[in-house]
Each structure stands twice: as structure tokens, then as C-alpha cells.
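Visitor: There's a structure below that I have some questions on.
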Amino acid sequence: MKIKQVLEALERFAPLPLQESWDNAGLQIGLTEAEVSGALLCLDVTEKVIDEAVTNGCNLVVSHHPLLFRGLKQVSDLSDVQRTVRKAIKNDVCVISMHTNMDNAMGGVNWKMAEKLGLQDTAFMSPKRVGDSDCGSGVVGQLPQAMAAADFVAMVKRIFGVACAHCNELLQRPVRRVALCGGAGDFMLDEAIALGADAFITGEMHYHQYFGHEQEIQLCVIGHYESEQYTAEVFRDIIEQECPGVKCLTAETNTNPVNYF
Ligand SMILES: [Zn+2]
């Protein structure tokens, strides 16, 4: 099977027109007529990720965050992105990134988060229609049972492997309706409140946004990387279903640039 066929399968699931106007999702590097020897699935593309792909005989890296984002005016060894581009090309590794198109796709990043939390009756927070695709930002749904806020936060930390969540004061009423938006999803906070959510989970939130929502909504901010970590499972499901026989490996390289000491 050719890399082109894997690219097409990913774009069928998350069409490129679903991406935000500022984004650069899609093919980043490589020749898609090559036979795919294996796909390494990750959130971010770094030199170590390219090394891991080469070591494991994968000539395709599928990432969530685009390697090429703001454009390059030179390709030397002066930045981590330039070194990663050089390493990918030297090793004939193709790089595909499925970013905000995968955030906005039915079954994408936020739906996987909702699945991990066991949410039911899930829907897009702000549904849209682009071309033939139902899409949108964020997902809202119901927990199978209402939970005390402290128990809810503990469950979220456990499911996403987070040592420390950033929260506002604990909600005194039970949490049942949950809104979420992976990554830098704080722009969906007002929508979460408008939808009557008891809790809002995202990856990043500005300091000032924590103010003024005491006993209105439980904020639970778990880190950008942590919130999107299960996106590789979305890639795996698509490739295994649409491109049977293609070897899929989830990267073991931890690319989270944020450390907790
Ligand atoms: Zn992200």
C-alpha cells in the first residue's frame, strides 16, 4: 500500500477543509507514491520521533501538531524544526499532520477524550457543517452517573495520567454534564457555560479565565499534551480499518515539552 492511500484515508476521516484558517494540516514532508513500511503515530514531530520511526522501520510519521507551521526560510541546523525536517528527508520519512481538521472532525480528538471519560449522549459543543461533513469544536455529554466534584477531578486525573490538575474551587453540586475541548481549548469556556455544563475540561487556560466562575462550572485543566495524548488511538483506528496490513506503532518518545517538578 502506498503512503498516498494512508493520507487519503486520514483525509476522508478529517477532511482538510475542516481545519482552521491559520492551520497547516496535511502532508508536511515526503513522497506519497512510496510504499508504506509502517506508520509511527504521535502528537509532535521531533528529531527523536524521526529516529524512533527509522529504528522501527517506519517511513511514515502521522502527527497531530504540524511540523511545518509558520513556514521555513531556510533548512539548516539552526532550529529544532529545521533539524527535524533535514532528518526526515535524509531518511526518506514522510510526515503527515492531522491538526485542527482532526479537532473538528466527528470522532476526532475531543470524541476520543469523551470516550475515555465514558460520556454518553455526546454532541459537538458548537456544531457546523463544512461541505458534506458534520463537524465542530468541543464535545459535550453526560457522565453515566452524577459525581461529587472531588471524585470527578480524581477520575479525570487518573484517566489522563495527570499528577496535578489546575481547577477553580470545587463545585458544591454534583457533576453530571461535562464539556471538553482538548489542547488550547479555553476559547470554548463561555460555550460550556451556555450549554449548562457542570464541568469543563481542557488542556490550557489563561489565569484570568479562572476568575468569576465559582460554583458556576468546575474548571479542570489537565495540560495540552495530556489532553490530546489519545489522538494516536484515533489515527490507529482509521489506519487499521482503512489500510489493513499497515504496521501502526504509537510513539514511545514523550514529546511533552512541559515537565512537572
Ligand atoms: Zn494541540
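The values are calculated or read from the model by the stated rules, or taken from the named source; none is laboratory data. Please read all numbers here as calculations on a predicted model, not as lab measurements. Neighbour counts run over all protein chains shown; Cβ positions are idealised from the backbone, glycine included. In case anyone asks, the SASA skips ligands and DNA or RNA and just uses the protein heavy atoms, side chains included. Shrake-Rupley method; radii C 1.70, N 1.55, O 1.52, S 1.80 Å.
Visitor: For the range 85-198, give me every one of the helices (runs of 4 or more DSSP H) that falls completely inside it and has 3 or more residues that are within 16 Å of the ligand (Cβ to nearest atom).
Guide: 100-104, 109-117
Visitor: Determine, yes or no, whether Ala165 is among the aliphatic types (A, V, I, L, M), within 30 Å of Val95 (Cα to Cα) and in contact (Cβ under 8 Å) with a residue 12 or more places away in the chain.
Guide: No: the conditions fail for Ala165.
Visitor: Say we look at the range 224-235 and pick out the residues that are within 17 Å of Val162 (Cα to Cα) and open to solvent by 10 Å² or more (accessible area, probe 1.4 Å); which of these is farthest from the ligand (Cβ to nearest atom)?
Guide: Once the filter is applied, the top-ranked residue is Tyr230.
Visitor: Let me ask another. Tell me, which residue of the range 19-72 that is open to solvent by 40 Å² or more (accessible area, probe 1.4 Å) and in a strand (DSSP E or B) is farthest from the ligand (Cβ to nearest atom)?
Guide: Checking each candidate, the answer is Glu35.
Visitor: Residues to consider are Arg177, Arg173; find the one that is under 23 Å from the mean Cα position of the chain (by Cα), over 29 Å from Asp23 (Cβ atoms), open to solvent by 30 Å² or more (accessible area, probe 1.4 Å) and not hydroxyl-bearing (Ser, Thr, Tyr).
Guide: Only one candidate qualifies: Arg177.
Visitor: Separate question: What is the one condition in (1) in contact with a Gly (Cβ under 9 Å, 6 or more places away or on another chain); (2) part of a loop (DSSP other than H, G, I, E, B) that Ser76 does not satisfy?
Guide: Checking Ser76 against (1) in contact with a Gly (Cβ under 9 Å, 6 or more places away or on another chain); (2) part of a loop (DSSP other than H, G, I, E, B), the one that fails is (1).
Visitor: Kindly evaluate Lys157 against the criterion of being under 21 Å from Ala25 (Cβ atoms) and of a type outside the set (Gly, Ala, Ser).
Guide: It is false that Lys157 is under 21 Å from Ala25 (Cβ atoms) and of a type outside the set (Gly, Ala, Ser).
Visitor: Separate question: If I ask for residues that are hydrophobic (A, V, I, L, M, F, W, C), more than 29 Å from Ser137 (Cβ to Cβ) and open to solvent by 30 Å² or more (accessible area, probe 1.4 Å), which ones from the range 73-107 would you list?
Guide: If the condition is that a residue be hydrophobic (A, V, I, L, M, F, W, C), more than 29 Å from Ser137 (Cβ to Cβ) and open to solvent by 30 Å² or more (accessible area, probe 1.4 Å), then Val75, Leu78, Ile89 are the ones that fit.
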